[in-house]
Amino acid sequence: MFKECLHHSSDLKWAYAYDCDTFHLRLRTKRDDVEEAVAVTGDKYDWEKHSIDIQMEKIAADSLYDYWEAVIKPEFRRFSYGFRVSSGDETLWLIENGIFEEQPTPPGGYFEVPFIHAVDLFDAPEWAKSAIFYQIMPDRFANGDTDNDPEGIRPWGETPGGEDHFGGDLQGIIDNLKHLTDLGINAIYMTPLFTAPSNHKYDTIDYKQIDPQFGDAQLLKKLVKACHELGIRVVLDAVFNHTSEQFPPFQDVIQNGENSRYKDWFHLSSFPVEVKDGIPNYATFGFYGNMPKLNTAHPEVKQYLLDIAVYWMREADIDGWRLDVANEIDHAFWRDFRTAVKTEKPDAFIIGEVWGNSLNWLHGDEFDSAMNYPFTNEVTDFFNSVDSAASTFADQINRLLMRYPQQTNEALFNLLSSHDIPRAGTRFGGNKDRLKLAIVFMLTSMGIPCIYYGDEIGIDGGNDPDCRKCMEWDTDKQDRELFDFYQLLISLRKEHAVLRDGRFRFLQADNESGTLLFERLNGKQHFTIWMNNTEDTVTLKHPMNTDDWHDALTNDEVHTIDEQLQIELAPLDFRILYRNI
């Protein structure tokens, strides 16, 4: 066995409490190198009377490694542990002190979990883990009140330019809530609502005022109340990394320079503040001089922004925040932000915009979730090509899953489209069968699904601003078959908890083609999802020792043949089966 590949550490993704009574241990080994892995556990105060060996299960693999997991319910909420791995006649022990060929006497030098404290748990709100989110850009969703239209709006439905306004508003969202409930949505996240010069509002001027082109605070309260009555939660978008250059404190800096009382609110390198040859002499979002970066470590700035977060929760009873450019703000700010938000509303949901590995923000003291763009990219790349190997896709998804503890994976914000990337329909070249496979994967995977407005009725769009087209409300121009498909899969996910909280594991991923099989499993139900990402008819087989399977969409019985399930799939087709346990 390759000792160099044998790895465990006592940090978050390798050893973590799933709840107050349950602890998960993970171990990494070289792929296909280890035949058996065992977690050797016991109480450090009396190992002889309170020790138990727990068989580990191989839960994932990527191109280089296998990942093993043991689930432990420690008798006294504490334990010490090591690992025993074997292959053929060879056996190794891994403890905190190193790797040994003979078992070291426990518990000295073993890993240790001193005590499971409830306050230390990662604890995303339960409602969020059951949510089907819908992202709305208010300017592009629906124009419900023409009296608040800004000057020079473009006719609804024309091709958008970067600076165009179309007149969508909060009243338009209120008027179309039935569309969301018919679809099965139970949570919405709106891009920024606060006063700003742009159509997207990611350049805030006044954090305490709803932009007049959208309505006012009373209308927001009306929207939130109407949503809550329909069982829909509401999350707003906060831009705390930067502001508009028209933000009054920054204007004060422009006017008063070094004498401005707000000069320390920003990251300034010299005076006067200016943009020279396209490069600002102050920190900004990207190199956009019209978006100066806030100094969130400054006590006044921090308190100002924390007060804004709490203000809108009290004022409008919103259910959480999506945080723009979250990875460019200091961790100390986000820890204080979480404390302020959760003190005001303990089940508020906090989503950070982090485009890569988000683990540093998901330790339980900052965010509840992060926008899972790595998932987006892997799913769209695989289902968009007949040449994609399912084994490579499974390796990549497993690699992403092993970045985080299970409860974190359950709360990640999965999406196929957003206002920042081309729409899924366009990325799939208009091939609806391929798009459907991606939809099935998202809605049966671990994590919280989010649907970008209009995806459900077939709106296309390339890079920004094309991905920000107006919603199409003429039903004759909507893809109603696609709407029905989304509706069907959303209903299935909402009906079966196993699709939200069950273990995720690939059972097959063909090395030569794009066929794959994965499962979701909890203590009550077992789902298997069979997918054919090829343009040929295929028959997939997998051993199953029980015969009580049903098609999840038709409820037809599905029988095993010689203790195997055999499923024939047409080109670019899928099947979802389930059994009760």
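The values are calculated or read from the model by the stated rules, or taken from the named source; none is laboratory data. Keep in mind that what you see is a predicted model, and the values were worked out from it rather than measured. For neighbour counting, all protein chains shown are included, and Cβ atoms are generated from backbone atoms with ideal geometry for every residue, glycine included. For the accessible areas, the whole protein counts, side chains as well, though only heavy atoms, and no ligand, DNA or RNA atoms are used. Shrake-Rupley method; radii C 1.70, N 1.55, O 1.52, S 1.80 Å.
Observations on the model:
- Extended-chain gain in nm, criterion 0.36 nm per residue less alpha-carbon gap, residue 560 and residue 31: 187.4 nm
- Net charge dipole size for the chain [Lys, Arg +1 and Asp, Glu -1 on Cβ; Debye, nearest 20]: 900
- For segment 142-248, averaging the sequence separation of C-alpha pairs within contact (under 8 Å, six or more residues apart) and dividing by the residue count gives a relative contact order of 28 percent.
- For residue 209, the residues whose modelled amide H falls within less than 5 Å of its own, excluding neighbours fewer than 5 places apart on the same chain, are 195.
- Computed from the Cβ-Cβ distance with R0 of 30 Å, the FRET efficiency linking residue 271 to residue 377 stands at 0.10.
- Helix 331-344 axis versus longest C-alpha principal axis of the chain: approximately 80°, rounded to the nearest ten.
- Axis of helix 390-401 versus longest Cα principal axis of the chain: the two differ by about 70°, to the nearest ten degrees.
- Relative contact order (%) - criterion: Cα under 8 Å, at least six apart; region: the chain: 11
- Protein heavy-atom surface of the chain, 1.4 angstrom probe: 45% of the accessible area is carbon and sulfur, with nucleic acids and ligands not counted.
- On Cα atoms only, tilt of 217-229 relative to the major axis of the chain in degrees: 30
- Ranking 289, 339, 305 by Cα position along the charge dipole of segment 275-339, where only Lys, Arg, Asp and Glu carry charges on their C-beta atoms, puts 289 farthest toward the positive end.
- Straight Cα distances below 17 angstrom link residue 302 to the lysines 208, 263, 293, 342, with same-chain residues fewer than 8 positions distant left out.
- Compactness relative to 2.2 N^0.38 Å, alpha carbon Rg of segment 69-195: 2.06
- Across segment 435-450, computed HN-Hα scalar couplings (Karplus, 6.51 cos²θ - 1.76 cosθ + 1.60, θ = phi - 60°) run 4, 4, 4, 5, 5, 4, 4, 4, 7, 10, 8, 6, x, 9, x, 10 Hz from first to last residue, x flagging Gly and Pro.
- Amide H within-cut-off set for residue 320, under 5 Å, with H built and near neighbours excluded: 236, 349
- Structure-based [θ]222 nm, the chain - -39500 (n - 2.57) summed over DSSP H runs of at least 4, per residue, nearest 500: -7000 deg cm²/dmol
- Residue-by-residue Karplus 3J(HN,Hα) for segment 200-208, coefficients 6.51, -1.76, 1.60, Hz, glycine and proline x: 8, 6, 8, 10, 5, 9, 9, 6, 9
- The dipole here belongs to segment 1-120: it is taken about the Cα centre, uses +1 on the Cβ of Lys and Arg and -1 on the Cβ of Asp and Glu, and is about 320 debye.
- For segment 130-196 and segment 486-505, distance of Cα centres in Å: 28
- Cα shape, segment 17-135, gyration tensor, a/c 1.5 rule: oblate
- Projecting the Cα positions of 316, 242, 185 onto the charge dipole of the chain (unit charges on Cβ atoms of Lys, Arg, Asp and Glu, taken about the Cα centre) puts 316 furthest along the positive direction.
- Charge context of residue 334, other residues only, Cβ under 15 angstrom, K/R +1, D/E -1: -3
- Value of Rg to Rh for segment 406-506, rounded to two decimals, is 0.99; Kirkwood radius and Rg both from alpha-carbon coordinates.
- P(r) histogram, all alpha-carbon pairs of segment 386-429 included - 10 Å bins from 0, percent: 22, 35, 41, 3
- The percentage of C-alpha pairs in segment 269-332 whose separation is greater than 21 Å is 40%.
- For segment 393-517, the relative contact order works out to 26 percent when only alpha carbon pairs closer than 8 Å and six or more residues apart are counted.
- For segment 454-581, a crude dipole built from +1 on the beta carbon of Lys and Arg and -1 on the beta carbon of Asp and Glu, taken about the Cα centre, is about 740 debye to the nearest 20.
- Residues in the chain average 41 Å² of solvent-accessible surface per residue, probe 1.4 Å, ligands and nucleic acids excluded.
- Farthest toward the positive end of the dipole of the chain, out of 422, 113, 60, is the Cα of 113, where the dipole comes from beta carbon charges about the Cα centre.
- Hits among lysines - C-alpha to C-alpha of residue 524 under 29 Å, sequence gap 8 or more where chains match: 13, 58, 73, 129, 436, 494, 541
- Restricting the calculation to Cα atoms, segment 363-443 shows an Rg/Rh of 0.99 when the hydrodynamic-style radius is the Kirkwood one.
- Taking only the C-alpha atoms of segment 489-581, Rg followed by Dmax gives 12.8, 36 Å.
- Phi-based couplings in Hz for segment 307-322 (Karplus 6.51, -1.76, 1.60; Gly and Pro marked x): 5, 4, 4, 5, 4, 6, 5, 6, 5, 10, 6, 5, 9, x, 9, 9
- Here the mean projected area of the convex hull built on the C-alpha positions of the chain is 30.0 nm².
- Computed Kirkwood radius, in angstrom, where 1/r is averaged over Cα pairs of segment 311-432: 16.0
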